[in-house]
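All of the numbers you see were taken from the coordinates with simple rules; none came from a lab. None of these values were measured; they are calculated from a predicted model. Every residue, glycine as well, gets a Cβ built from its backbone with ideal geometry; the counts of neighbours run over all protein chains shown.
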Amino acid sequence: MVDIMDKLQKIGEIGKSPREKQRLINVNEVFYVWDILVTKLDIMETIGIMENFIEDIDLKFITGQLVKVLRSGIDEMEKLMKNYNIPFPIQPPAGSNLAVNWEGYSDRYIYISIFEGIQSFFPILSSGFMNSTSPKVRKAFKEHLLLTMELQELIVEYGKLKGFLNEPPVYRP
């Protein structure tokens with residue numbers, strides 16, 4: 001149903017200026033599009049820094065997958081922002097190659113930081129979805145939420161495999 005409404009909204013936007021399109025979304029949606037982009041940029045910058053310290057090849061693979069997903073999400077949010085002429089937040093540096101090897105950045109510490117970073121997306125994405133009235137924006141939030149759930153599954157399984165995940169004790173009545 002959302003796909004049909006999304007397509008109808010896209011048809012309705014044909015030939016409209018960004019100023020006219022702004023009337024099709026509400027202020028909550030603008031905030032959540034902006035906030036999701038800021039959050040994705042923040043975690044992308046964090047991963048970019050921490051990748052310099054990763055030793056485990058599996059964790060390097062996981063962060064590579066995260067970067068791909070984050071990049072596509074950033075591109076999607078930027079496309080929405082351009083479409084509705086929403087101001088962009090400050091962009092982080094393009095890259096960060098550090099020559100220093102700091103022992104405080106263990107693979108477990110990096111994992112926990114990434115795990116918590118991905119978890120921070122859930123409240124923002126779900127709130128954005130719940131407060132959205134525009135089919136186009138709501139569809140984008142839904143897609144990001146589902147993709148984030150898949151990433152969470154990957155990260156949880158990796159954490160269990162490596163013993164990095166702080167699992168609660170098993171309940172045996």
Q: Tell me which residues come under 5 Å, amide H to amide H, from S120 once H is placed; ignore anything under 5 positions away on its chain.
A: none
(Q) Quick check: pseudo-label points 7 Å beyond the Cα along Cα→Cβ at N52 and Q119, how many nm apart are they? (A) 2.7
Q: Please go through the range 99-164 and write out the chymotrypsin sites (Phe, Trp or Tyr not before Pro) that DSSP classes as loop and that have at most 14 other C-beta atoms within 10 Å.
A: W102
Q) Taking a threshold of 19 Å on the Cα-Cα distance, which of the pairs K82/K136; K68/K160; K142/K162; K79/K139; K82/K139; K40/K160 fall above it? A) K68/K160; K142/K162; K40/K160
Q) Loop-only check: which GluC sites (Glu not before Pro) in the range 82-173 are DSSP coil with at most 15 other Cβ within 10 angstrom? A) E103
